[in-house]
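**Student:** Would you mind keeping the following structure in view while I ask a few things?
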Amino acid sequence: MDALSEDLELLPSTRRALSHRLAVAQSEGRAPSVVAAVVRGGEVVWEGSRTSVEGHGPDGDVQYRIGSITKTFTAVLVLRMRDEGLLALSDPLGKHLPGTGADEVTIAQLLAHTGGLAAETPGEWWERTPGTRRPALADVLGEAPFKHAPGTRHHYSNPGYTLLGSLVEALRGKPWEDVLRTEVLEPLGLDRTSAQPQAPHAGGWAVHPWADVILPEPAEDLGLMAPAGQLWSTTRDLARFAVLLTRGDERVLSAESAREMRTSVAPPEPGFADLGYGLGLQLTEHRGRRLFGHSGSLPGFVAGLWLSEADDVAAVVLSNCTSGLPASAVATDLLAIVADAEPRFPAPWKPFTEADRVPLDLCGVWYWGTAPQGLRLKSDGSLELGPVGVPGRSARFRAESDGTWTGLSGYYAGETLRAVRREDGSVSHLDLGSFVFTREPYDPQAPVPGGVDPQGWRGIG
């Protein structure tokens with residue numbers, strides 16, 4: 001192996017730091033047990049566990065309930081159907097599942113929790129009561145399902161994901177659980193993820209807040225609410241699922257659709273410091289890193305699955321206590337320990353091959369008014385545009401078959417960059433969403449909006 005190649009094996013000091021963080025979490029969180037795993041480069045590179053039972057410890061094959069991480073699985077199913085052309089994210093729910101009382105809410109709004117629906121079901125707490133008490137969608141939504149006008153704000157909604165699960169069933173003609181198994185779990189080899197617990201599995205416990213005693217929690221079948229939080233899984237299965245969310249897998253979901261899931265769609269709720277919500281994925285920042293993933297909790301269990309695309313590291317933490325151990329915080333700490341101690345090697349720089357058509361006449365400095373902007377061609381064929389020497393808007397662009405470029409990030413995401421050429425083929429200027437970029441500040445030879453004073457640049461006097 002080349003000296004600069006990245007070795008997936010963790011250093012002993014890093015492994016010890018991970019084990020120590022997990023031990024502190026179990027002790028201070030007073031958790032009956034906790035199990036964790038770290039993924040780097042698409043492979044599990046560390047597993048750990050702690051337990052209050054002497055001589056016994058769970059491993060990556062023991063099931064725990066994962067709560068709302070279930071929502072991310074449901075979102076994958078919906079994105080699959082979108083990719084097949086069965087629906088559009090802009091479709092109102094009523095187009096495919098009429099008569100729910102939420103017909104006008106779009107599928108995208110349900111995925112991103114911007115549909116305005118209530119956070120919980122009416123009546124008794126659904127997480128601690130059997131799903132048979134809510135046999136129909138009307139029982140899940142109630143007589144007044146909306147708390148906000150659809151599309152006006154992010155408001156986390158568990159019933160919203162029940163609607164998405166029912167949408168899956170309506171379009172596939174099969175139960176949500178069956179569709180999930182055949183379209184996601186089996187292709188990825190997630191044979192330890194299921195709607196009902198399968199041995200070996202942990203029991204759920206409540207830990208008394210003021211005494212070191214425990215109480216068993218009931219494990220209810222959530223019925224129609226299953227797509228919002230029913231699943232049981234293991235750290236090894238969730239590690240494989242993390243790879244899907246980062247890289248995609250053509251058997252299940254394309255890399256492009258996985259990237260779409262982790263792109264911010266909804267701003268955070270007021271008072272929250274995170275980065276909002278994508279399509280079935282929470283977005284946050286930890287120690288200067290942008291992370292995506294999801295937390296989960298049901299009575300007796302807490303879970304956290306978090307990923308850093310830039311570091312190619314993911315961490316999952318599962319525990320069997322109702323509260324006390326902050327699973328997501330521990331997972332983000334484990335991720336940061338690896339990323340800080342053993343930073344990722346960048347990919348080797350490679351130039352274009354002779355076979356590539358290199359548009360060098362687009363590269364270099366352009367001016368938006370008087371502001372210099374650097375346009376750089378990357379070896380993957382993308383363009384990067386950003387200010388020269390000062391902070392400002394930066395963006396990447398993807399080449400299209402018609403010779404234009406589409407913005408992938410920042411202010412220009414989705415906007416079209418077009419090189420406008422003269423009759424002799426030379427580039428006159430760049431057009432970016434009506435902005436004109438010229439080779440000289442306010443070039444009089446280019447169609448600068450508003451025109452250029454014919455007397456040109458001058459001094460004072």
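The values are calculated or read from the model by the stated rules, or taken from the named source; none is laboratory data. Because the structure is predicted, anything quoted here is derived from the model rather than measured. All Cβ positions, glycine included, derive from the backbone under ideal geometry; neighbour counts span all protein chains shown.
**Student:** Have a look at L10, L18 and point out the one that is over 17 Å from G304 (Cα atoms), modelled with pLDDT of 95 or more and not charged (D, E, K, R).
**Tutor:** L10
**Student:** For residues that are within 18 Å of the chain's Cα centre (by Cα), assigned to a strand (DSSP E or B) and not hydrophobic (A, V, I, L, M, F, W, C), scanning just segment 298-336, find the one that is surrounded by the fewest Cβ atoms within 10 Å (Cβ to Cβ).
**Tutor:** Within segment 298-336, the match that is surrounded by the fewest Cβ atoms within 10 Å (Cβ to Cβ) is S308.
**Student:** Looking only at segment 152-197, which residues are among the basic types (K, R), part of a loop (DSSP other than H, G, I, E, B) and under 16 Å from L97 (Cβ atoms)?
**Tutor:** Taking segment 152-197 as the starting set, the residues that turn out to be among the basic types (K, R) are 153, 172, 174, 181, 192.
In the following step, the residues that additionally are part of a loop (DSSP other than H, G, I, E, B) were identified as 153, 174, 192.
Residue satisfying the conditions is K174 alone.
**Student:** Filter segment 247-267 down to residues that are of a type in the set (V, I, T) and in contact with a Gly (Cβ under 7 Å, 6 or more places away or on another chain) and give me whichever is surrounded by the most Cβ atoms within 10 Å (Cβ to Cβ).
**Tutor:** Checked segment 247-267; the qualifying residue surrounded by the most Cβ atoms within 10 Å (Cβ to Cβ) is V265.
Residue-by-condition table, conditions (1) buried (at least 19 other Cβ atoms within 10 Å of the Cβ); (2) within 18 Å of S166 (Cα to Cα); (3) in contact with a Phe, Trp or Tyr (Cβ under 8 Å, 6 or more places away or on another chain); (4) among the aromatic types (F, W, Y):
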| position | (1), (2), (3), (4) |
| --- | --- |
| L8 | no, no, no, no |
| L11 | no, no, no, no |
| H20 | no, no, no, no |
| V24 | no, no, no, no |
| V39 | yes, no, no, no |
| W46 | yes, no, no, yes |
| D59 | no, no, no, no |
| K71 | yes, yes, yes, no |
| V76 | yes, yes, no, no |
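**Student:** Does any residue of segment 287-296 turn out to be touching a residue at least 60 places away in the same chain (Cβ under 8 Å) and assigned to a loop (DSSP other than H, G, I, E, B)?
**Tutor:** No: segment 287-296 contains no residue that is touching a residue at least 60 places away in the same chain (Cβ under 8 Å) and assigned to a loop (DSSP other than H, G, I, E, B).
**Student:** For segment 108-119, which positions are under 17 Å from the mean Cα position of the chain (by Cα) and not small (G, A, S)?
**Tutor:** Selection gives Q109, L110, L111, H113, T114.
**Student:** Also: Which condition number does G364 fail, the rest of (1) in contact with a Lys or Arg (Cβ under 9 Å, 6 or more places away or on another chain); (2) not assigned by TED's automatic domain parsing to the domain that holds H429 being met?
**Tutor:** So the condition that G364 fails would be (2).
**Student:** Mind listing just one residue for me: the one in segment 357-400 that is of a type in the set (A, V, I, L, M, F, W, C) and surrounded by fewer than 16 Cβ atoms within 10 Å (Cβ to Cβ) and, of those, nearest to D453 (Cα to Cα)?
**Tutor:** Ranking the qualifying residues of segment 357-400, first place goes to A371.
**Student:** If H148 satisfies every condition in (1) assigned to a loop (DSSP other than H, G, I, E, B); (2) in contact with a Leu (Cβ under 9 Å, 6 or more places away or on another chain); (3) touching a residue at least 40 places away in the same chain (Cβ under 8 Å); (4) more than 16 Å from E220 (Cα to Cα) but one, which is the exception?
**Tutor:** It fails just one condition, (3).
**Student:** If you don't mind, there's one more thing I want to ask. State all residues of segment 401-432 that are of a type in the set (F, W, Y) and surrounded by fewer than 15 Cβ atoms within 10 Å (Cβ to Cβ); if no residue qualifies, say none.
**Tutor:** Result: Y411, single match.
**Student:** Kindly check whether there is at least one residue in segment 235-252 that is in contact (Cβ under 8 Å) with a residue 60 or more places away in the chain, of a type in the set (S, T, N, Q) and either in a loop (DSSP other than H, G, I, E, B) or farther than 27 Å from P58 by Cα (or both).
**Tutor:** no
**Student:** Does segment 418-455 hold any residues that are among the basic types (K, R) and in contact (Cβ under 8 Å) with a residue 40 or more places away in the chain, and which are they?
**Tutor:** Within segment 418-455, R439 is the sole residue that qualifies.
**Student:** OK, next. Only one of these is out of contact with any Phe, Trp or Tyr (no Cβ under 9 Å at 6 or more places or on another chain), under 29 Å from L215 (Cα atoms) and modelled with pLDDT under 95: G296, G324, G304. Name it.
**Tutor:** G324
**Student:** I'm checking my understanding of the structure. Among residues of segment 143-155 that are surrounded by 16 or more Cβ atoms within 10 Å (Cβ to Cβ) and at pLDDT 95 or above, which one is farthest from M225 (Cα to Cα)?
**Tutor:** That would be P150.
**Student:** Something else about it: Of the residues in segment 78-106, how many are closer than 14 Å to T162 by Cβ and either outside any loop (DSSP other than H, G, I, E, B) or more than 25 Å from the chain's Cα centre (by Cα) (or both)?
**Tutor:** Residues in segment 78-106 being closer than 14 Å to T162 by Cβ and either outside any loop (DSSP other than H, G, I, E, B) or more than 25 Å from the chain's Cα centre (by Cα) (or both): 6 in total.
**Student:** In addition: Every residue in segment 107-139 that is surrounded by fewer than 16 Cβ atoms within 10 Å (Cβ to Cβ) and either part of a helix (DSSP H, G or I) or among the basic types (K, R) (or both), please.
**Tutor:** R128, T132, R133, A138, listed by residue number.
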